[in-house]
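The values are calculated or read from the model by the stated rules, or taken from the named source; none is laboratory data. Quantities reported herein were computed from a predicted structural model and do not represent experimental measurements. Cβ placement follows ideal geometry from the backbone for every residue including glycine, while neighbour counts extend to all protein chains displayed. These accessible areas exclude ligands, DNA and RNA; they are computed on the full protein's heavy atoms, side chains included. Shrake-Rupley method; radii C 1.70, N 1.55, O 1.52, S 1.80 Å.
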Amino acid sequence: MTTALLEIEGLTKAYPGVVANDHVTFTINEGEVHALLGENGAGKSTLVKMIYGLVKPDAGTMRLRGAAFTPPEPRAARADGIAMVFQHFSLFEALDVAENIALGMENPPKMRDLAAQISKVSEEYGLPLDPFRTVGDLSAGERQRVEIIRCLLQNPKLLIMDEPTSVLTPQEVDILFKTLEQLRSEGTSILYISHKLDEIRRLCDTATILRLGKKVDTCNPREESVRTMAEMMVGGTLHVPERVPHAQGDVALEINNLSVPSPLQFGTSLKEIKLKVHKGEVLGVGGVAGNGQDELTAALSGEVVSASGAILLHGKSVGHLPPQSRRAMGILAAPEERLGHAAAPNMSLTENALLTANVRKKMARKGFLNWAAAKDYAKDVIRDFDVRTPGPENAARSLSGGNLQKFVIGREILQKPDVLVVNQPTWGVDASAAADIRQALLDLAGEGAAIIVISQDLDELMEISDRFAALNGGRLTEPVPAKGLTVDQIGLMMGGAHDMEVAHHGAA
Amino acid sequence: MVRLEKRPQPSKKWIYLTPIVAVVATMIAGGIMFAILGKDPFEAIRTIFWDPLFNEQFAAYSRPQLLVKAAPLILIAIGLSLGFRAGIWNIGAEGQYIMGAIFGAAVGLAFYPTESWIIFPLMVIAGAIGGLLWAMIPGVLRVYFRTNEILVSLLLVYVAEFILASMSLGLLRNPEGAGFPGSRNFKSYASAHNAELIAGTGMHWGVVAAFIAVIFAYVLLAKHMLGFQIRLTGEAPRAARFGGVNPARLILFCLGTSGALAGLAGLFEVSGPSGQISIDFNVGYGFTAIIVAFLGRLHPVGILLAGLLMALTYIGGELASLMLGIPAAAIQAFQGMLLFFLLAVDVLTNYRVSFGKAEVA
């Protein structure tokens, strides 16, 4: 028999113009991992902020172990045993781990004692972390451990985690899940917010599903399929990308011994990359973040130039050409970082349409801009890709992440490229928008374009790729057919076992 | 509790309102300062903003001065604004202004006493080249050696000042000047003189050039790919690279253009209102133009208005120190307040002030 830890009843919060939470009622039991599911804007963040004391509810009550619970501020919530790991870390890079943790404490103990505590907790929960390392040198996964350990030091009854795996590698996800399972076995409850339905099925005992601020359902994720949960989230049938089978076309893009030093200080240099991508083909490039994904995107888009013969488009050398010349020839790209790289945050969507589409869509004549054409094109992208915005005159930063991603990908797809390179096309995008983007990529391939999808989402790559290759330390493995690849084989490719275990699958 | 909330997009209303609010706030704070100095604040403000234009006694002299002072400010500020928009900080317009004046004056003096219509156009070209070359030094150093253009351009101002002193004492000194420092006066050399085009208005070729620069910059920024690239680079440098902007070329273009316009301003000044190369030829237009550029929101039309306003405070300030005995330092502080308030109020275009308890939405 389970007992209730936190009972939430009729919780309501309205902001001007939008009801973020509308009479949400559910219960988190002691020692359970409770998933909070919903699309972007469903009200998940507002809900947990009310539990954590960051936002005051307009109506409704919360009861913690039977007692009324109305935290006026996060400090009070922490005192009552609520801890939260945010999606975006609040850490000082120049300080070490122990100093960062001490900063968040009311009465920090002596640094040496604190370091001992950190080491103890990190050992107990299998979260390896050296208290004296500088945070600036840590990976995203290690930084998250700092935040988790900071929470664990308070002995929380309820640990709230907001999209914890979005920054983690598969191995780091495994480590995190072991920790969370251990916490559950010790009686700690966890409120787990995520888009990734597979993870929720693997980890969570109960799932509460929010849609447009209302609770629509509660389910046991182990008894549901990914598809049924996704459909509860979007409130309709989820469109699963389909692709039309096709014969292999001619080689569209060829990469020969591409070696480029990274333009970034801590970047990864590309080393002797060899690759052929055919017309109508989707090539998936996997790999743990920071193994040359950004550099490969930049080398293909033309932001970084290389030896002219290193990249061939339909047999013509393009390696030495700048981005605009490559666009004119038909190579388009969409970088991972939306704000500041793929789009200029403070500029309008019209101006952002001009950013990459001016050559192919002829928005300038002798250097003089045709703003009407740019605006029309922005409108086309907004319409065809269902970008939710009042209009093309709005600044890119006013769009939600998913909507901006649809705009950025749509902007490239509607230009009808011969070769399209996309890096993390559905990063931070909700399930239905992600499905739309994947479908659009497959449709483009169906029209004969060659597509390179660089992603850390292996499910995504397996869903849409014809062939799969992995980046590892700036090297690319030999691409192999994606169909029938097992997680073990992919892991080996990502780990850098070039042509060893995967050789018998036959290189394409 | 008062808090600032980031706006989803910059407020259109506040983009236009901030300069007005800043001017009003400057009047109030300046008035308080004048009152503390024992002067009647209302009279002081009136003397600075009203008398130069409408006082019967002074207007005849000071109205033409408005254009004479505003033209170099606008010309330089237009050039600076292009770089500032792209995040390229040319702080050394004063030096480029001096070098433009020296180059242009040297060409003119080389022809003395030949009279020909070609001399003045040649001087104009030389002036622009002088400023351009001086600005190319920080440009080339930044592109090839990654030096900081703020420091290099600023320090080159002091180098230019020494060259100016050396020129007025040496190479360009008037051989018939009885040994006094300073060059021949262009007012007595018709082919090289940048005279008033319409008598009594202060309108000279520099004013014409300033208006042309305003129109040129407006068209560039609003209608041309290069202007778009400039704005894009300032807003999001990585997106600019992705969009195909060549950063090195953009740096050289922005620094070169601002240098050339500052050089032109120097040439029009030395051949017109100032009349000669002298040790104290430069009076700080190159630095004041930085204020003008920001006061005008880095927008060509805004800069036109800001240049006129700034010229007004110059002339009015002189008048106030003459008539009311307000110290020159107080006038400079008054002008400084203008920039201070402008930058402070500027927050409101991107943030809104809200009252009430903090709440994270």
**Message:** Output wanted: per-residue J couplings in Hz (rounded whole) for segment A:341-346, from phi through Karplus 6.51 cos²θ - 1.76 cosθ + 1.60, θ = phi - 60°, x for Gly and Pro.
**Reply:** 10, 6, 9, 8, x, 8
**Request:** Using only protein heavy atoms and a 1.4 Å probe, report how much of A:Val359 is accessible, in Å² to the nearest 10.
**Result:** 50 Å²
**Fill in**
For segment B:38-326, Rg(Cα) over 2.2 N^0.38 Å is 1.03
**Helix axis angle, A:371-384 relative to chain A longest principal axis, alpha carbon, degrees** = 60 degrees
**Prompt:** Rounded to the nearest 500 deg cm²/dmol, what is the calculated helix-only ellipticity per residue at 222 nm for the protein assembly as shown, with -39500 (n - 2.57) per DSSP H run of length n ≥ 4?
**Reply:** -15000 deg cm²/dmol
**Request:** Heavy atoms only, probe 1.4 Å: what % of the accessible area of segment A:337-416 goes to carbon and sulfur, would you let me know?
**Result:** 50 percent
**Request:** Run the quick spin-label model on A:Lys56 and A:Glu337: label points 7 Å from Cα toward the beta carbon, then report their separation in nm to one decimal.
**Result:** 3.9 nm
**Fill in**
Amide H neighbours of A:Val304 at under 5 Å, excluding residues fewer than 5 places away on the same chain, with H built from the backbone geometry, are A:Ala299
**Fill in**
Sorted list, accessible surface of protein heavy atoms, 1.4 Å probe, largest first, for B:Glu149, A:Glu337 is A:Glu337, B:Glu149
**Request:** For segment A:353-426 and segment A:447-482, compute the distance between their C-alpha centroids and round to whole Å.
**Result:** 25 Å
**Message:** Which residues, if any, in segment B:1-34 lose at least 10 square angstrom of accessible heavy-atom surface (probe 1.4 Å) when the other protein chains sit next to their chain rather than the chain being alone?
**Reply:** B:Lys6, B:Pro8, B:Gln9, B:Pro10
**Complete:** The correct ranking of B:His224, A:His88, A:His23 by accessible area at 1.4 Å, largest first, is A:His88, A:His23, B:His224
**Message:** Once neighbouring chains are kept in place and the probe is 1.4 Å, which whole percent of the accessible area of chain B is contributed by carbon and sulfur?
**Reply:** 69 percent
**Item:** Between segment B:1-36 and segment B:284-330, the Cα center-to-center distance that results, in Å
**Value:** 18 Å
**Asked** For A:Ala35, which sequence-distant residues (separation of 5 or more, or a different chain) have an amide H within less than 5 Å of its own amide H, given hydrogens modelled in the peptide plane?
**Response** A:Tyr192, A:Asp205, A:Thr206, A:Ala207, A:Thr208
**Complete:** In nm, the gap between the two label points placed 7 Å beyond Cα toward Cβ at B:Lys13 and B:Ser188 is 6.2 nm
**Fill in**
Between the alpha carbon centres of segment B:188-247 and segment A:39-69 the gap in Å comes to 56 Å
**Message:** Compute the angle between helix A:140-152 and the longest alpha-carbon principal axis of chain A, please, reported from 0 to 90 degrees and rounded to the nearest 10.
**Reply:** 10 degrees
**Message:** Translational diffusion coefficient of chain A at 4 °C, 1.567 mPa s, Stokes-Einstein with Kirkwood Rh over Cα pairs, in µm²/s as a whole number.
**Reply:** 53 µm²/s
**Request:** For peptide B:163-175, compute the average count of partner chain beta-carbon atoms within 10 Å of each residue's beta-carbon.
**Result:** 0
**Message:** Within segment B:166-203, name every residue whose backbone N is under 18 Å away from a label modeled 7 Å from Cα of B:Ile118 along the Cβ vector.
**Reply:** B:190-193
**Request:** Ignore the peptide's own chain and count Cβ atoms of other chains within 10 Å of each Cβ in B:243-256; give me the average, rounded.
**Result:** 2
**Complete:** Placing each pseudo-label 7 Å from Cα in the direction of the beta carbon, A:Phe86 and A:Glu30 end up separated by a distance in nanometres of 3.2 nm
**Message:** Can you divide the C-alpha Rg of segment A:4-234 by 2.2 N^0.38 Å and report the result to two decimal places?
**Reply:** 1.00
**Asked** So what are the three principal axis dimensions of the protein assembly as shown from its Cα atoms, in whole Å, longest to shortest?
**Response** 106, 70, 53
**Request:** Please give the length that would be gained between A:Leu95 and A:Asn220 if that part of the chain were fully extended, namely 0.36 nm times their separation in residues minus their C-alpha to C-alpha distance (nm, one decimal).
**Result:** 40.8 nm
**Request:** Could you tell me the total accessible area buried at the A-B interface, probe 1.4 Å, in square angstrom to the nearest hundred?
**Result:** 2700 Å²
**Prompt:** Leaving out ligands, DNA and RNA but keeping every protein chain, what accessible area does A:Phe407 have, in Å² rounded to the nearest 10, with a 1.4 Å probe?
**Reply:** 0 Å²
**Message:** Skipping prolines and chain starts, which residues have an amide H placed within reach, meaning under 5 Å, of the one on A:Tyr15, given they are 5 or more residues away or on another chain?
**Reply:** A:Ala20
**Prompt:** Any idea of the accessible area per residue across the protein assembly as shown, 1.4 Å probe, to the nearest Å²?
**Reply:** 43 Å²
**Message:** Please compute the alpha carbon radius of gyration of segment A:1-71, then divide it by the globular-protein estimate 2.2 N^0.38 Å. Two decimals is fine.
**Reply:** 1.10
**Debye log10 I(q)/I(0) at q = 0.14, 0.16, 0.19 Å⁻¹ for segment A:73-169, Cα point scatterers** = -0.47, -0.63, -0.91
